[in-house]
Ligand code: GLA
Ligand code: ZN
């Protein structure tokens, strides 16, 4: 599982550091471009993403191309020894294009064609737009596909959104025909006898009909597939004419509407845009940090196994324009960047290198400000980070190695989003729930690989299945095989309610044989409100050795029946008192757990700690001790090398014990001794001695 990853750019043994560079905005002020080239070296950056929104400079009029300015920039960047990530400009079109060909614009849910302003609003199936993009990408690849500076292709920008024009809706009908073959099969899958919505013609299938939640799910699938299809369309000439340059796009972490697991099959390298918006002075930062770590663990494993990845965009000072303005205090930016490295990234880039003079992002954080370019805090922090990256770059070639997997599926999110009559899902609930399960591991420095349910989880010691509402075909069988073969798995409430067409399982709940596997039947689901007081307590003498605790349920609870399973915890108040809240069941050589309610933090920690202990999972500290509040440690390793990233997300100084024979601070060379002091928002990287394994 821990194959040594190669450098992201062959031959480049540096961590990537740089940002979005828009010389196209400065062609009229050439001295600024000269200054940029001086400042690249002064800041120590090595990688620039170029041309992301440059279409009106590349094709100033229909069919009139001007690539010379870009050629000159690329030549200079090559001469300066910089890596270029060259973009295709389809994220935003020139205004002349929509004026001449209105069909390139999307149609919204109200049936209105979008205005030519804004960006990221092109129709996915417009033949004109596809033609223009294909022509542009072909020309770019012909001219620059073998240019010595060009090390990666950056396809478009942050793909998102849907189009409801006639062509795209017609494409949906074709997509359904291919998936279901007959109208009868679609009627069955979408349960159209509900409210007499039975389709008698394909043209009646209206993606806006939210009353059919199977239809809603299929529309999401189709809209996400359109992104994959468009990406493939863009990538084709790049791959053909520039075969040795990896092709990728910039993702948006846990963005809800594109199935990144599917898109990842076409990405040569995973790259993310990360704007966690850390609120430094509030305890909230710890929850934000855990969610960011969870996201990074998912990105590392997006292709089904851990792989090196990188940050394509981040914000140097906390002013990311579209979010509340929380300026980062000194130190926090380095911590945020090292957090990505800690989870397997081999580089971090900014949006943006230089702030533009105008436009709505002119105040967005940038390495180079409008005035006093080298004297700003941003510039100095970036320069200092370059020097730190030089000290720690030997982490390239190592990755995180996990015994624990958590499963997270996009289709399950969409299916649950379409449901009524279940506790409200505002789009963040499933993520928050998954991160709540993740916390016990994060606080002990236990690595977690976040996988899709379709990935191979058979090699892990413990698998957490947080609220996997929709079960993909074959998943339950693979999970049963895993458990029968000795695996341990924990499922939380609402897992396994529907099949892949969003229809409720009828064989049990959780369905598809998981009721038998867990020995639990989930009958009813409820939601906790502020006035709800639902205590949960441990059953004395339980076989897991769970200590006697009382905690409360928050969020969602369910009423379950133990059908062969042992009850480890039960509800201790209200009308549910005495009914099971946590069950365990032996199955073959393995063991299952079913958690019926969202326990509070202390309850969850006890449950996971007991499982870790029984399962022999090691933490950073002996006996799986908790790291100080707000601190996590993430490990990267390979071939006898192991690095610990010790990170303090709190504003208080923390002392972190370093067990075993300690380690050496990679940057100062100083031995760690038995512990390390971390100031507010500080990060240190230790080379840990391998002679004695970390407990
Ligand atoms: C996104 C985009 C960038 C820029 C930043 C601002 O990540 O890709 O072009 O708009 O947001 O935060
Ligand atoms: Zn369209």
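What is the number of the single condition among (1) buried (at least 23 other Cβ atoms within 10 Å of the Cβ); (2) closer than 20 Å to residue 82 by Cα that residue 387 does not meet?
Residue 387 satisfies every listed condition except (1).
If I ask for residues that are under 20 Å from the mean Cα position of the chain (by Cα) and within 13 Å of ligand 1 (Cβ to nearest atom), which ones from segment 317-340 would you list?
Selection gives 318, 320, 322, 323.
Is it fair to say residue 488 is surrounded by 21 or more Cβ atoms within 10 Å (Cβ to Cβ) and either touching a strand residue (DSSP E or B) at 6+ places or on another chain (Cβ under 8 Å) or under 23 Å from residue 611 (Cα atoms) (or both)? Talk me through it step by step, then tell me what you get.
Details: surrounded by 21 or more Cβ atoms within 10 Å (Cβ to Cβ): yes; either touching a strand residue (DSSP E or B) at 6+ places or on another chain (Cβ under 8 Å) or under 23 Å from residue 611 (Cα atoms) (or both): yes.
So residue 488 passes the test.
Within segment 15-38, can you find the residues that are more than 16 Å from ligand 1 (Cβ to nearest atom) and buried (at least 19 other Cβ atoms within 10 Å of the Cβ)?
Step one: of segment 15-38, the residues more than 16 Å from ligand 1 (Cβ to nearest atom) are 15-17, 26-38.
Passing the criteria: 15, 16, 17, 36.
Find all pairs meeting these conditions: Cβ atoms under 6 angstrom apart; at least six residues apart or on different chains; first residue within segment 121-134 and assigned by TED's automatic domain parsing to the domain that holds residue 93 and within 15 Å of residue 155 (Cα to Cα); second residue within 11 Å of ligand 2 (Cβ to nearest atom) and in a loop (DSSP other than H, G, I, E, B).
Listed pairs, sorted by first residue: 124/163.
Can you name the residue in segment 194-210 that is free of Cβ contacts under 8 Å to residues at least 40 places away in the same chain and exposed (fewer than 13 other Cβ atoms within 10 Å of the Cβ) and is also nearest to residue 410 (Cα to Cα) among such residues? I'd like the intermediate steps shown before the answer.
Within segment 194-210, the first condition is being free of Cβ contacts under 8 Å to residues at least 40 places away in the same chain, and the residues that meet it are 194-206, 209.
Still in the list and also exposed (fewer than 13 other Cβ atoms within 10 Å of the Cβ): 194-196, 200-201, 203.
Values: 194: 26, 195: 28, 196: 30, 200: 30, 201: 30, 203: 27 Å.
If we take residues in segment 194-210 being free of Cβ contacts under 8 Å to residues at least 40 places away in the same chain and exposed (fewer than 13 other Cβ atoms within 10 Å of the Cβ), then 194 is nearest to residue 410 (Cα to Cα).
For the structure I just gave you, tell me whether residue 109 is closer than 25 Å to residue 360 by Cβ, surrounded by fewer than 14 Cβ atoms within 10 Å (Cβ to Cβ) and away from ligand 2 (no atom under 11 Å from the Cβ).
Working: closer than 25 Å to residue 360 by Cβ: yes; surrounded by fewer than 14 Cβ atoms within 10 Å (Cβ to Cβ): yes; away from ligand 2 (no atom under 11 Å from the Cβ): yes.
For residue 109, the condition - closer than 25 Å to residue 360 by Cβ, surrounded by fewer than 14 Cβ atoms within 10 Å (Cβ to Cβ) and away from ligand 2 (no atom under 11 Å from the Cβ) - is met.
Of the numbered conditions (1) touching a residue at least 60 places away in the same chain (Cβ under 8 Å); (2) part of a loop (DSSP other than H, G, I, E, B), residue 27 satisfies every one except a single condition; which is it?
That leaves (1) as the condition not met.
For segment 624-695, please list each of the strands (runs of 3 or more DSSP E) lying entirely inside it that holds at least 2 residues being in contact with a helix residue (DSSP H, G or I) (Cβ under 8 Å, 6 or more places away or on another chain). Let's see the steps before the verdict.
Details: elements: 631-638, 641-648, 654-657, 663-665, 675-678, 683-688.
So the answer is 631-638, 641-648, 683-688.
Out of segment 318-343, which residues are surrounded by fewer than 22 Cβ atoms within 10 Å (Cβ to Cβ), touching a helix residue (DSSP H, G or I) at 6+ places or on another chain (Cβ under 8 Å) and not in a helix (DSSP H, G or I)?
Residue satisfying the conditions is 330 alone.
Quick check: is even one residue across segment 216-233 within 16 Å of ligand 1 (Cβ to nearest atom) and either buried (at least 18 other Cβ atoms within 10 Å of the Cβ) or farther than 30 Å from residue 133 by Cα (or both)?
Yes, some residue in segment 216-233 is within 16 Å of ligand 1 (Cβ to nearest atom) and either buried (at least 18 other Cβ atoms within 10 Å of the Cβ) or farther than 30 Å from residue 133 by Cα (or both).
Give the residues of segment 250-261 that are in contact (Cβ under 8 Å) with a residue 60 or more places away in the chain and either in a loop (DSSP other than H, G, I, E, B) or away from ligand 1 (no atom under 16 Å from the Cβ) (or both), sorted by residue number.
Correct list: 252, 254, 255, 256, 257, 258, 259, 261.
Does segment 156-176 include one or more residues that are within 22 Å of residue 68 (Cα to Cα), crowded, with 19+ Cβ neighbours inside 10 Å and within 15 Å of ligand 2 (Cβ to nearest atom)? I'd like the intermediate steps shown before the answer.
Of all residues in segment 156-176, those within 22 Å of residue 68 (Cα to Cα) come to 156.
If we keep only those that are crowded, with 19+ Cβ neighbours inside 10 Å too, we end up with 156.
This time we only want the ones that are within 15 Å of ligand 2 (Cβ to nearest atom), so: none.
Among the residues of segment 156-176, not one is within 22 Å of residue 68 (Cα to Cα), crowded, with 19+ Cβ neighbours inside 10 Å and within 15 Å of ligand 2 (Cβ to nearest atom), which makes the answer no.
Could you tell me which numbered condition residue 394 fails, if it satisfies all but one of (1) away from ligand 1 (no atom under 16 Å from the Cβ); (2) crowded, with 19+ Cβ neighbours inside 10 Å; (3) under 27 Å from the mean Cα position of the chain (by Cα)?
Only one criterion is unmet by residue 394, namely (2).
Considering (1) assigned to a loop (DSSP other than H, G, I, E, B); (2) within 15 Å of ligand 1 (Cβ to nearest atom); (3) in contact with a strand residue (DSSP E or B) (Cβ under 9 Å, 6 or more places away or on another chain), say which one residue 295 fails and leave the rest.
(1)
The values are calculated or read from the model by the stated rules, or taken from the named source; none is laboratory data. Since we're looking at a predicted model, the values are computed, not measured. Glycine gets a Cβ as well: all are built from the backbone with ideal geometry, and neighbour counts include every protein chain shown.
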